[in-house]
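Q: Dropping a structure here in structure tokens format, bear with me for questions.
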Amino acid sequence: PLVLITQSPSSSLNVYIKENLDVEILEIIVNENENLDFVREIDIAQNSKVVYNKLQLLNSTSNLEYSYKSDLSKEARLNINLFEFGSKQSTNLFNTDMNKEESSFIINGLIRPLEQGVINNKILTTHNNKSTYSNIDFKHILDNSTKAIFDAKSIVNKNALYASAFQNSNTILLSDEATIFANPHLEINIDELKASHGATTGTLDEDELFYLQSRGIEEKKAEKILLSAIETVIYDKISDKKLKEYIQGLVGEFHE
């Protein structure tokens, strides 16, 4: 995979992927600056697949604005895996126009702010051609006074016959002060499609916690096991095993 380590307070990056390629990218954002501003544009040619992994490891004083726009050709596939940790406030804007048939856009997110941090993900996906596919799946783990915002809108226009558009947000609240605002939204202008959206919010399963504790596992460790199982759902979206282990290792060091 191509590895990008972003340390400057602001940057713009344009990526063009030629036809019939299979590319994996890891962008690591580690920065002590208070204000960060990034713009990313990616164009994918016909029959190419890109997996874009974004790992954010920021301290509790950082403010980040991240804007991402993509253009997908026929049969192009874009998978984005977000691992968002830390920051005082982060705003991530994703805008994808699916103008060519059989293009595919998937975005998975694992969101864990620090202390009183706020992480806002706003995702707009527009289906403009037939047999296009989008799937948005986010897991939020919120503790202390942290807050997450999940604002996903998928528009399926009249020319997008047989499109598929899915959205899902799951949140675990670990304190009474943590807050989630989840707004999955579908705007459908045709009948011939597959689509669904949903959002769930809750705490760790008490029966599962009790079961682990009844096997001699301390409460804090039992909670960690259950949270790890939730996180694994997103980590497993990384196809490269070594890359998955590398990302998990960096996250482990960040939380030490």
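Q: Where Rh is the Kirkwood radius over the Cα pairs of the range 28-111, the temperature 25 °C and the viscosity 0.890 mPa s, what D in µm²/s does Stokes-Einstein return?
A: Calculated translational D: 181 µm²/s.
Q: Round to the nearest 0.05 the FRET efficiency obtained for Lys221 and Glu19 when R0 = 41 Å and r is the Cβ-Cβ distance.
A: In this case the efficiency is close to 0.25.
Q: Could you tell me the calculated FRET efficiency between Lys130 and Ile230, based on Cβ-Cβ distance and R0 = 41 angstrom, to the nearest 0.05?
A: So the FRET efficiency works out to roughly 0.70.
Q: On to the next question. Just tell me which lysines come within less than 21 Å, Cα to Cα, of Lys194; anything on the same chain fewer than 8 places away is out.
A: Lys74, Lys100, Lys130, Lys153, Lys158
Q: Put a dot 7 Å past each Cα toward the Cβ at Asp191 and Ser175; how far apart are the dots in nm?
A: Calculated label separation equals 5.2 nm.
Q: Here is a further query. As a test of understanding, state the convex hull volume per residue of the range 62-158 from its alpha carbons, in Å³.
A: Normalising the Cα hull of the range 62-158 by residue number yields 69 Å³.
Q: Can you pull the one-decimal nm distance between simple spin-label points at Glu253 and Asn35, each 7 Å off the Cα toward Cβ?
A: Between Glu253 and Asn35, the simple spin-label model gives 3.0 nm.
Q: Expressed in whole Å with the largest first, what are the equivalent ellipsoid semi-axes of the chain derived from the C-alpha gyration tensor as the square root of 5 times each eigenvalue?
A: Here the semi-axes work out to 31, 22, 17 Å.
Q: In straight Cα distance, which lysines are under 26 Å from Lys147, not counting same-chain residues fewer than 8 positions off?
A: Output for Lys147: Lys54, Lys69, Lys88, Lys122, Lys139, Lys220, Lys221, Lys224, Lys237.
Q: At a 1.4 Å probe radius, which order do Arg112, Arg40, Arg77 fall into by accessible area, largest first?
A: Largest accessible area first, the list is Arg77, Arg112, Arg40.
Q: Further question: For the chain, which whole percent of the accessible surface, found with a 1.4 angstrom probe, sits on carbon and sulfur atoms?
A: Ligands and nucleic acids excluded, carbon and sulfur give 44 percent.
Q: What accessible area per residue, rounded to a whole number of Å², is obtained for the chain using a probe radius of 1.4 Å?
A: 49 Å²
Q: Separation of the range 164-197 and the range 207-256 by C-alpha centroid, Å?
A: Centre-to-centre (Cα) distance: 24 Å.
Q: A further question on this structure: So if I place +1 on the C-beta of Lys and Arg and -1 on the C-beta of Asp and Glu, and nothing else carries charge, what would the dipole magnitude of the chain be about its Cα centre? I want it in debye, nearest 20.
A: 580 debye
The values are calculated or read from the model by the stated rules, or taken from the named source; none is laboratory data. Keep in mind that this is a model prediction, so the values were computed, not measured. So basically every Cβ, Gly included, is an ideal-geometry build from the backbone, and we count neighbours across all protein chains shown. These accessible areas exclude ligands, DNA and RNA; they are computed on the full protein's heavy atoms, side chains included. Shrake-Rupley method; radii C 1.70, N 1.55, O 1.52, S 1.80 Å.
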